[in-house]
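*Asks:* What follows is a structure written as structure tokens; I'll ask about it next.
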Amino acid sequence: MTVTATLPGLSAGTWTIDPLHSEVGFTARHMMVSKVRGSFGDVTGTVVVADDLSASTAEATIQLGSVTTGSADRDAHLRSADFFDVENNPEMTFRSTSFDGETLTGDLTIKGVTKPVTLDVEFGGVGTDPWGNEKAGFEATGEIDRTDWGLTWNANLEKGGVLVSEKIKLALDIQLGKQA
């Protein structure tokens, strides 16, 4: 007997990312002693929830030029050819390949390189806003090695180590709106 995962209150249909109530964030180690956090402000996407949750799909597009870390100089460096090369690669995309209610796996494309990524997902629930719109919330976390996507710029430190970690932690807080 096969048991299909369900998420209480989440109905089948098409849901879109609400960019005003969603955040795609990341954390990198700086000089191996502290953390720098950033996020992308321009995120769009669609989730199609199927009656069989495992048949659901998710797609997202993130404009790399919308990166913000709290430092204009660092943001400009991230947009440069040393990292995202926004002029030639303005966006990154994610397309799911599987979802079981707790784990989302998909293909992440950055700078023309596509690699699989697995995210741990926590379902926040479903609610109706004051205007009658159905909303659902999810949090997702994971870790990637940025060098897998050709993001290899770094600087060696005098006493050992490097300026920017290769391991990047991802933290997504996504609100979806149900489409009529």
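The values are calculated or read from the model by the stated rules, or taken from the named source; none is laboratory data. Just so you know, these numbers come straight off a predicted model, no measurement behind them. Neighbour counts run over all protein chains shown; Cβ positions are idealised from the backbone, glycine included.
*Asks:* Suppose we filter the stretch 145-180 for residues that are assigned to a strand (DSSP E or B) and in contact with a Phe, Trp or Tyr (Cβ under 9 Å, 6 or more places away or on another chain); how many remain?
*Replies:* Selection size over the stretch 145-180: 12.
*Asks:* Turning to a different aspect of this structure: For T93, state whether it is at pLDDT 95 or above and farther than 26 Å from Q179 by Cα.
*Replies:* no
*Asks:* Do you know which residues across the stretch 91-126 are farther than 18 Å from A171 by Cα and among the aliphatic types (A, V, I, L, M)?
*Replies:* V113, V126
*Asks:* When you scan the stretch 144-167, do you find a residue that is under 24 Å from H21 (Cβ atoms) and surrounded by 15 or more Cβ atoms within 10 Å (Cβ to Cβ), even just one?
*Replies:* Looking for residues that are under 24 Å from H21 (Cβ atoms) and surrounded by 15 or more Cβ atoms within 10 Å (Cβ to Cβ), one finds none in the stretch 144-167, hence no.
*Asks:* State which residue is farthest from W153 (Cα to Cα) when the search covers only the stretch 21-48 and only residues that are among the hydrophobic types (A, V, I, L, M, F, W, C) and modelled with pLDDT of 95 or more. Quick ask: steps written out before the conclusion?
*Replies:* In the first step, residues of the stretch 21-48 are kept if they are among the hydrophobic types (A, V, I, L, M, F, W, C); the result is 24, 26, 28, 31-33, 36, 40, 43, 47-48.
Next, only the ones that are modelled with pLDDT of 95 or more stay: 24, 26, 28, 36, 40, 43, 47-48.
Details: V24: 22, F26: 17, A28: 13, V36: 16, F40: 20, V43: 25, V47: 33, V48: 37 Å.
Taking the candidates together, the pick is V48.
*Asks:* Also: A140: under 20 Å from L64 (Cα atoms) and either surrounded by 14 or more Cβ atoms within 10 Å (Cβ to Cβ) or touching a helix residue (DSSP H, G or I) at 6+ places or on another chain (Cβ under 9 Å) (or both), yes or no?
*Replies:* When the stated conditions are applied, A140 passes them.
*Asks:* Taking the stated definitions as given, is D120 within 15 Å of the chain's Cα centre (by Cα) and at pLDDT 95 or above?
*Replies:* It is true that D120 is within 15 Å of the chain's Cα centre (by Cα) and at pLDDT 95 or above.
*Asks:* Same structure, new question: Tally time: how many residues in the stretch 70-104 are under 19 Å from S22 (Cβ atoms) and buried (at least 17 other Cβ atoms within 10 Å of the Cβ)?
*Replies:* Here the count works out to 6.
*Asks:* While we're here: Suppose the filter is out of contact with any strand residue (DSSP E or B) (no Cβ under 9 Å at 6 or more places or on another chain) and either at pLDDT 95 or above or within 21 Å of G125 (Cβ to Cβ) (or both); does D52 pass it?
*Replies:* Spelling it out, D52 is indeed out of contact with any strand residue (DSSP E or B) (no Cβ under 9 Å at 6 or more places or on another chain) and either at pLDDT 95 or above or within 21 Å of G125 (Cβ to Cβ) (or both).
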